[in-house]
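First the structure, in the form of structure tokens, and then the observations on it.
The values are calculated or read from the model by the stated rules, or taken from the named source; none is laboratory data. Small disclaimer: the values here were computed from a predicted structure and weren't measured. No Cβ is skipped: glycine too gets one built from the backbone with ideal geometry, and neighbour counts run over all protein chains shown. Just so you know, the surface numbers come from the protein's heavy atoms only, side chains and all, with ligands and any DNA or RNA stripped out. Shrake-Rupley method; radii C 1.70, N 1.55, O 1.52, S 1.80 Å.
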Amino acid sequence: MNDFYYRNVDAYKLAKELSKNVYRLIRTFPQEERFILTDQTRRAAISIPANVAEGLGRFSIKERIHFLDIAYGSLTETMCEMEIALDNQYISQEDFNQIEQLASRVSMTIYGLKKSLEEKKKKQNIINHEAD
């Protein structure tokens, strides 16, 4: 078994790409935002692929789903912060649109992975119930 198979999962790869792009943009934020918006955005953006990876490293389907939920929450937080950056003209509308488009892809892949895990969990529950 590959201990780090999460690296091959689209949700992880796209989330990592998103965080890389967010990092690129926050480097241009004004110095006065260094410990406020920049730091908060960085933490949220890192949390997306980190929670996908951590969730896929868990053995329990319930835990995997839980970490995907956290990743999705971090995704929405990142988008909120990118909207604030746009409103304050720290990033361009074009940059925001690119981030939003990538974030939508991340959202869809996280949702698809979560749905797949929920189906797997449902099948496990049926099997376990039949065994009782």
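So that you can scan it fast, the table gives a plain yes or no per residue for (1) touching a Lys or Arg at 6+ places or on another chain (Cβ under 8 Å); (2) part of a helix (DSSP H, G or I); (3) open to solvent by 30 Å² or more (accessible area, probe 1.4 Å); (4) over 15 Å from residue 114 (Cβ atoms):
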position: 32; (1), (2), (3), (4): no, yes, yes, yes
position: 49; (1), (2), (3), (4): yes, yes, no, yes
position: 64; (1), (2), (3), (4): yes, yes, yes, no
position: 68; (1), (2), (3), (4): yes, yes, no, no
position: 86; (1), (2), (3), (4): no, yes, yes, yes
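Yes or no: segment 37-44 includes at least one residue that is touching a residue at least 12 places away in the same chain (Cβ under 8 Å), under 30 Å from residue 117 (Cα atoms), hydrophobic (A, V, I, L, M, F, W, C) and assigned to a helix (DSSP H, G or I).
The answer is yes; a qualifying residue exists.
Of the residues 77, 17, only one is surrounded by fewer than 17 Cβ atoms within 10 Å (Cβ to Cβ), modelled with pLDDT of 95 or more and under 23 Å from residue 117 (Cβ atoms); which?
Testing whether each residue is surrounded by fewer than 17 Cβ atoms within 10 Å (Cβ to Cβ), modelled with pLDDT of 95 or more and under 23 Å from residue 117 (Cβ atoms) leaves just 17.
Name the pairs whose Cβ atoms lie under 9 Å apart, with the first residue in segment 104-123 and within 18 Å of residue 50 (Cα to Cα), the second open to solvent by less than 70 Å² (accessible area, probe 1.4 Å) and among the polar types (S, T, N, Q), and 6 or more positions between them or separate chains?
107/76
Would you say residue 36 is farther than 30 Å from residue 3 by Cα, open to solvent by 70 Å² or more (accessible area, probe 1.4 Å) and of a type in the set (A, V, I, L, M)?
Criteria met by residue 36.
Just to check your reading of the model, which residue among 97, 128 is farther than 22 Å from residue 13 by Cβ and out of contact with any helix residue (DSSP H, G or I) (no Cβ under 8 Å at 6 or more places or on another chain)?
So the residue among 97, 128 that is farther than 22 Å from residue 13 by Cβ and out of contact with any helix residue (DSSP H, G or I) (no Cβ under 8 Å at 6 or more places or on another chain) is 128.
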